[in-house]
Amino acid sequence: MNSTGKNGPGRPPRLSRERIVDAVLEGGVQTLTMRELAARLGVSHSSLYRWVPDRDGVLDLVSEVMVERVLPEGEPGPDDWRDWLARLAWSMREEFLAVPGYAAHVARPHRRHAESFARLRGRAIAAFRAAGADEERAEASWDVFGPGVVRWLAAAGEGPDEPAFEVYVDTLLRGLPVPRGFADTT
């Protein structure tokens with residue numbers, strides 16, 4: 001067996017998930033076409049189509065990587081759920097605005113990589129649950145927080161000034177309801 005895990009001699013694969021995503025992230029998603037992406041990668045269309053079925057498939061790969069990058073480490077707890085969500089919002093800002101057009105793409109209603117965004121949603125809901133919210137209230141809080149942050153980033157475009165984003169996130173998190181009987185830790 002050679003280093004690629006296959007029998008016999010051969011070249012390592014020219015394409016990988018990482019190479020495809022890196023090429024997209026370098027150029028942005030605003031006007032991405034499969035032809036342009038294949039050219040960036042230095043491969044034929046047919047090689048690219050063996051990895052992804054279409055532009056939506058490429059954007060699904062990008063979404064997987066973006067969610068991996070923005071999710072804070074560790075689990076939110078009753079004492080740090082707001083801090084955890086603030087770290088999530090700031091990570092989203094950093095990563096989404098680093099790729100031209102990505103925040104605007106995610107803010108538009110369309111099919112997204114359901115598994116990736118379900119992980120993002122699930123972890124944020126866990127933060128609201130850590131604050132003492134029941135499932136319904138935690139989901140409602142996500143419906144305000146998640147899309148709110150994404151829409152703010154989409155409107156900000158090329159990079160909002162940090163104080164404005166800081167005020168937005170702080171106001172958003174302080175305005176989200178804490179269940180009755182749960183002591184506010186801020």
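Okay, here's what the table says:
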read-out	value
Whichever residue in region 69-81 is more than 16 Å from Val150 (Cβ to Cβ) and surrounded by fewer than 22 Cβ atoms within 10 Å (Cβ to Cβ) and, among such residues, is modelled with the highest pLDDT	Pro72
Single match in Asp161, Asp143, Asp184 (criterion: more than 23 Å from Val65 (Cβ to Cβ) and either aliphatic (A, V, I, L, M) or at pLDDT 90 or above (or both))	Asp143
Tally of residues being part of a helix (DSSP H, G or I) and open to solvent by less than 20 Å² (accessible area, probe 1.4 Å) across region 35-68	12
Region 110-121, subset open to solvent by less than 40 Å² (accessible area, probe 1.4 Å) and of a type outside the set (A, V, I, L, M, F, W, C), residue modelled with the lowest pLDDT	His113
Residues of region 69-87 classified as assigned to a helix (DSSP H, G or I) and in contact (Cβ under 8 Å) with a residue 40 or more places away in the chain, total	6
Any hit, region 91-98, residues being crowded, with 19+ Cβ neighbours inside 10 Å, aromatic (Phe, Trp, Tyr) and closer than 15 Å to Val67 by Cα	yes
Hits in region 99-109 (condition: closer than 18 Å to Val21 by Cβ and open to solvent by 40 Å² or more (accessible area, probe 1.4 Å))	Pro100
Of the criteria (1) out of contact with any Phe, Trp or Tyr (no Cβ under 7 Å at 6 or more places or on another chain); (2) at pLDDT 90 or above, which one Leu32 fails	(2)
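The values are calculated or read from the model by the stated rules, or taken from the named source; none is laboratory data. Nothing here was measured: the structure is a model prediction, and the numbers come from that model. Neighbour counts run over all protein chains shown; Cβ positions are idealised from the backbone, glycine included. Ligands, DNA and RNA are stripped out before the accessible areas are found, and what is left, the full protein with its side chains, is counted by its heavy atoms. Shrake-Rupley method; radii C 1.70, N 1.55, O 1.52, S 1.80 Å.
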